[in-house]
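Novice: Supplied in structure tokens, the structure appears directly below.
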Amino acid sequence: MHQEFLMGNAAIARGAIAAGLNLVCGYPGTPSTEVLETAAKVNDGNLYVEWSVNEKAALELGAGAAYCGARSMVTMKQVGLNVASDPLMSLAYIGVKGGMVILVADDPGPISSQTEQDTRSFAAYSKLPCFDPSSVQEAYDMIGDAFAYSERYHTPVLFRPTTRVCHGYASVTVKDEDEFQHNQPEGFVKDSSKWVIFPRLSYQAHISIEARNVELQHEFSQYPHNVLTPEKETGCKKGIVSHGISETYVQEALAGKDAPRLLKIATPFPFPEELAVEFLEGLDEVLCIEELDPVIERELTYLCGKHHLHVNIRGKLTHDVKNAGENTCASVAENIADFLDWERPAQASLDPPPALPVRPPVLCAGCPHRASFYAVKQAMKGKKAVFCGDIGCYTLGNAMPLDMVDTCLCMGAGVNITQGIGKIEPDTTCFAFVGDSTFFASAITGAVNAVYNQAEMTLVILDNSTTAMTGHQPHPGTGRTMMGQVVEKVSIEAVLKGVGVKTVETVNPLHLEEAIETVKRVAAEPGVKAIIFKSPCAVLIKPEQPAVIDPEKCTQCKRCIKQLGCPGIVLQDGKVTIEQSLCTGCGLCTQVCPFHAISTGGAN
Amino acid sequence: MQTNILICGVGGQGIVLTSKLIAATAMANSIPVMSAETIGMAQKGGSVFSFLRLGDNLHCPMFPEKSADIIIGFEPAEAVRMLPYLKDGGSMVLNTHPIMPVTAALSGSDYTGREMVQYLKQHVQHLMTVDGDAACKALGSPKVLNMIMLGLAIRQNVIPFSIDEIEATMKATVKPQFVDLNSKALRYE
């Protein structure tokens, strides 16, 4: 044992490796990404690591490995589980041989997600055991338990930290290498009565799953990370139950005070019934402090009915705790104060400060997506057109002054949404924008759908040769793998032509005139056609010399600022200026200036 | 004994590394440490903050308002934004050099930072200011702002380490050719 300062996600990866992990795969997504990245970084060559094309592919790959007796882990964010839910629901019936942990990071807030869905609810729906760590140390310790339970019960298990655990850092006690477990997979043993899903098998499996989950309810009542803490002051008839990071806020709020009876739930499903009943007995009132769904609150309400306990269960359903967004130290301290009739902790009472500048996320200076959006915007000027966006950095194309994202729903949705709009509004020119990584993850089927069903649309691929939003992970189009191999790139153009898109034109969006002409020409063609805007992510390339403004020629018309909204063009003492520290010399503004007042150093 | 530290500023100023250096020094001194920072949509130019806690019986990496023993403010408006977290009588080290929001040109914002510094002077009991831009120029590198800020923060005697201890961690972290420069920055007054 020794101490290290680790991020929660790193602790999860390290804990899994210490538990004998053989294979890890996943799809990037905040706040889960660093789990797989850490595993790749510390890989001594004995671990297979891959970024799969999407979460469904990853989960199926992980299942195959676990069928062989390998210990496998699949990583994703909560909305990724929606993509992987088809194999997940069936795999719950089939089961596994080696330990298999599906790591799903939830994002209360949401801070960087489309939904506030709760994987604990998904656990109950899929009937799979779920582990919910509340700290970085617990994440390290519990990931090993998750593998052990998975293997003992031959079932995949869910492991669901939330953002604050994933991205929190702490000094944690970790195992030395000689304490690591090692798992030698036996290999795949053929048995079609076990590995081939049929209605009869599913019926039998359903019976076993229900029996197993009852057993796990007993088992989890003894699980050391489910903790019942007796009240400090005898006679107090109130109790507080919590989970995850919120539980640490409860501890924080009660530090040094007469705490009531407390319960921490680290295994929300199957719910540790005996422990919960022991907690409830003798209490009048219980406050449930949860993030996302009122999972514990519903369980306790149910248990009170089942066991005829007269306990008033309060929480989100009774509007005592907010039902959306993240909890904070402060919000939990207030919830507890209100519940226990304590005075609320003092908030800062400062004079109102001067108006604070807002710093919204924007496309970076030199981002090629800005040029792509601008080219389409110019080409479609005065025409009735719709621009369906997708998930990635380029969602930021919705901001003024570009204003080029009319819809955004989920991974790969834009290509299909634009078809739907086109079927109802045939006079609208329909565009879908999708990044290269999202294209491979989930837009190829949409392209096939468009071709087959005679859609009228232009698919615009914003190809910056990386998965930029989540921190530049490789994907099939990059020619690199997480095992360090250089492999043949999957060509987006070849894929599109292969599925029947007749016109596929590739153009550098930073060559503005050519880009605009290409859009005009391609959009006017009938049927499904595609434009690949190819230019690398500005963060990954060595910047060129910053642009220069000729003060003789600049009339201060501010067209560059108003048209592009590039952070690299600023006003200094009222004058248009290039911010030297940000400008990458991409040259887009030089092509927008009507007075040719801006030039790039390299060009002259 | 616990010490709560809040470091705030704008993406790209070296806040995360500052936080890591303090944490690593705590580890070297066998002091338990927890931290949390903004990650996610915040790219270049976004508000960044890092909560850092040192000491025993830590439960969570974040702390509520009025709990920070010291705020290390890398940017005036960001320091004002996080001021509610400062304890009554807490300390602040402030870089007075403002960073314009990347959208300032578009929105026509007239932010100068001066009104923020004024506000902080009125509301912070122990305020130590430095023009980080001028200090970096004096030291000959725009990349040492975080060491200047960290050195000033250590000298407020709130964080339980000496400059020498921080320096030892820094030496193990930065490339050898930058050690002298960073040592100077840590001792900049």
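Novice: Enumerate the helices (runs of 4 or more DSSP H) found wholly within the range A:31-94, keeping only those where 3 or more residues are surrounded by fewer than 24 Cβ atoms within 10 Å (Cβ to Cβ) and out of contact with any helix residue (DSSP H, G or I) (no Cβ under 6 Å at 6 or more places or on another chain).
Specialist: A:33-41, A:55-67, A:85-94
Novice: Follow-up question, since we're still on this one. Checking A:Cys236 against (1) out of contact with any helix residue (DSSP H, G or I) (no Cβ under 6 Å at 6 or more places or on another chain); (2) hydrophobic (A, V, I, L, M, F, W, C); (3) at pLDDT 95 or above, only one condition comes out false. Which one?
Specialist: So the condition that A:Cys236 fails would be (3).
Novice: With under 27 Å from B:Phe161 (Cα atoms), within 8 Å of another protein chain (Cβ to nearest Cβ) and surrounded by fewer than 24 Cβ atoms within 10 Å (Cβ to Cβ) as the only criterion, which of B:Met27, B:Met1, B:Met82 stands out?
Specialist: One residue alone meets the criteria, B:Met27.
Novice: For the condition within 20 Å of A:Val241 (Cα to Cα), surrounded by fewer than 19 Cβ atoms within 10 Å (Cβ to Cβ) and without any contact (Cβ under 8 Å) to a residue 12 or more places away in the chain, what is the one hit in A:Gly305, A:Gly325?
Specialist: A:Gly305
Novice: Answer with yes or no whether A:Gln114 is under 30 Å from B:Ala24 (Cα atoms), assigned to a loop (DSSP other than H, G, I, E, B) and either without any contact (Cβ under 8 Å) to a residue 12 or more places away in the chain or not basic (Lys, Arg) (or both).
Specialist: no
Novice: Looking at (1) buried (at least 22 other Cβ atoms within 10 Å of the Cβ); (2) away from every other protein chain (no Cβ under 11 Å); (3) over 24 Å from A:Pro361 (Cα atoms), find the lone condition where B:Met128 falls short.
Specialist: It fails just one condition, (1).
Novice: Select from the range A:448-497 the residues that are under 25 Å from the mean Cα position of the chain (by Cα) and part of a helix (DSSP H, G or I) and list them in ascending order.
Specialist: A:Ile492
Novice: Can you report the number of residues in the range A:95-120 which are farther than 13 Å from A:Thr30 by Cβ, small (Gly, Ala, Ser) and crowded, with 23+ Cβ neighbours inside 10 Å?
Specialist: 2
Novice: Among the residues of the range A:221-243, what is the count of those that are among the charged types (D, E, K, R) and either touching a residue at least 40 places away in the same chain (Cβ under 8 Å) or in contact with a strand residue (DSSP E or B) (Cβ under 8 Å, 6 or more places away or on another chain) (or both)?
Specialist: 3
Novice: Residues of the range A:159-185 being outside any loop (DSSP other than H, G, I, E, B) and more than 17 Å from A:Thr30 (Cα to Cα), which ones?
Specialist: A:Ala170, A:Ser171, A:Val172, A:Thr173, A:Val174, A:Glu177, A:Asp178, A:Glu179 - these are the residues of the range A:159-185 that are outside any loop (DSSP other than H, G, I, E, B) and more than 17 Å from A:Thr30 (Cα to Cα).
Novice: Anything in the range B:34-43 that is surrounded by fewer than 24 Cβ atoms within 10 Å (Cβ to Cβ) and either modelled with pLDDT of 90 or more or more than 8 Å from chain A (Cβ to nearest Cβ) (or both)? List them, or say none.
Specialist: Residue satisfying the conditions is B:Thr38 alone.
Novice: How many residues, within the range A:470-499, are aliphatic (A, V, I, L, M) and free of Cβ contacts under 8 Å to residues at least 40 places away in the same chain?
Specialist: Here the count works out to 3.
Residue by residue, here is whether (1) within 10 Å of chain B (Cβ to nearest Cβ); (2) hydrophobic (A, V, I, L, M, F, W, C) holds:
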{"residue": "A:Lys542", "(1), (2)": "no, no"}
{"residue": "A:Cys554", "(1), (2)": "no, yes"}
{"residue": "A:Cys557", "(1), (2)": "no, yes"}
{"residue": "A:Gly565", "(1), (2)": "yes, no"}
{"residue": "A:Leu571", "(1), (2)": "yes, yes"}
{"residue": "A:Glu579", "(1), (2)": "yes, no"}
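Novice: Being within 10 Å of B:Leu52 (Cβ to Cβ), more than 7 Å from every other protein chain (Cβ to nearest Cβ) and free of Cβ contacts under 8 Å to residues at least 60 places away in the same chain is the filter here; which residues of the range B:6-24 pass it?
Specialist: B:Ser19
Novice: Of the residues A:Ile12, A:Ile17, which single one is touching a Leu at 6+ places or on another chain (Cβ under 9 Å), within 22 Å of B:Val33 (Cα to Cα) and in contact (Cβ under 8 Å) with a residue 60 or more places away in the chain?
Specialist: The unique qualifying residue is A:Ile12.
Novice: Failed condition for A:Ile541, given (1) under 29 Å from the mean Cα position of the chain (by Cα); (2) closer than 21 Å to A:Phe387 by Cα, with all others met?
Specialist: (2)
Novice: I'd like the full set of residues that are of a type in the set (A, V, I, L, M) and over 29 Å from the mean Cα position of the chain (by Cα), limited to the range A:228-254.
Specialist: A:Leu228, A:Ile240, A:Ala253, A:Leu254
Novice: Tell me, yes or no, whether the range A:263-274 has at least one residue that is over 34 Å from the mean Cα position of the chain (by Cα) and free of Cβ contacts under 8 Å to residues at least 60 places away in the same chain.
Specialist: Checking the range A:263-274: at least one residue is over 34 Å from the mean Cα position of the chain (by Cα) and free of Cβ contacts under 8 Å to residues at least 60 places away in the same chain.
Novice: OK, next. Hey, does the range A:380-393 have a residue that's within 9 Å of chain B (Cβ to nearest Cβ) and under 28 Å from the mean Cα position of the chain (by Cα)?
Specialist: Yes, the range A:380-393 contains at least one residue that is within 9 Å of chain B (Cβ to nearest Cβ) and under 28 Å from the mean Cα position of the chain (by Cα).
Novice: Here is a further query. If you go through the range A:339-370, how many residues are of a type in the set (D, E, K, R) and surrounded by 14 or more Cβ atoms within 10 Å (Cβ to Cβ)?
Specialist: Matching residues across the range A:339-370 total 2.
Novice: Also: So, in the range B:44-61, how many residues would count as being over 22 Å from B:Asn29 (Cβ atoms) and at the interface with chain A (Cβ under 9 Å from one of its Cβ atoms)?
Specialist: Of the residues in the range B:44-61, 4 are over 22 Å from B:Asn29 (Cβ atoms) and at the interface with chain A (Cβ under 9 Å from one of its Cβ atoms).
Novice: Let me ask something additional. Could you say whether any residue in the range B:159-170 is touching a strand residue (DSSP E or B) at 6+ places or on another chain (Cβ under 9 Å) and closer than 24 Å to B:Ala77 by Cα?
Specialist: yes
Novice: For residues that are within 16 Å of B:Gly14 (Cα to Cα) and assigned to a helix (DSSP H, G or I), scanning just the range B:126-145, find the one that is nearest to the chain's Cα centre (by Cα).
Specialist: For the range B:126-145, the residue satisfying everything is B:Leu145.
Novice: Could you count how many residues in the range A:96-111 are away from chain B (no Cβ under 14 Å), in contact with a Lys or Arg (Cβ under 8 Å, 6 or more places away or on another chain) and assigned to a loop (DSSP other than H, G, I, E, B)?
Specialist: Count: 2.
Novice: Being surrounded by fewer than 16 Cβ atoms within 10 Å (Cβ to Cβ) and under 18 Å from A:Gly397 (Cα atoms) is the filter here; which residues of the range A:560-573 pass it?
Specialist: Passing the criteria: only A:Lys562.
Novice: From the list A:Phe373, A:Phe387, pick out the single residue that is closer than 30 Å to A:Thr584 by Cβ, touching an Asp or Glu at 6+ places or on another chain (Cβ under 8 Å) and not in a loop (DSSP other than H, G, I, E, B).
Specialist: Result: A:Phe387 is the single residue among A:Phe373, A:Phe387 that is closer than 30 Å to A:Thr584 by Cβ, touching an Asp or Glu at 6+ places or on another chain (Cβ under 8 Å) and not in a loop (DSSP other than H, G, I, E, B).
Novice: For A:Ala375, which of the numbered conditions (1) more than 29 Å from B:Pro98 (Cα to Cα); (2) within 14 Å of another protein chain (Cβ to nearest Cβ) fails to hold?
Specialist: Here A:Ala375 clears every test but (2).
Novice: Separate question: Quick check on B:Pro98: is it modelled with pLDDT under 95, touching a strand residue (DSSP E or B) at 6+ places or on another chain (Cβ under 6 Å) and under 30 Å from A:Thr328 (Cα atoms)?
Specialist: no
The values are calculated or read from the model by the stated rules, or taken from the named source; none is laboratory data. In this text, all values refer to a predicted model and were calculated from it rather than measured experimentally. Heads up, the Cβs are rebuilt from the backbone with ideal geometry, glycines too, and the neighbour counts pull from every protein chain shown.
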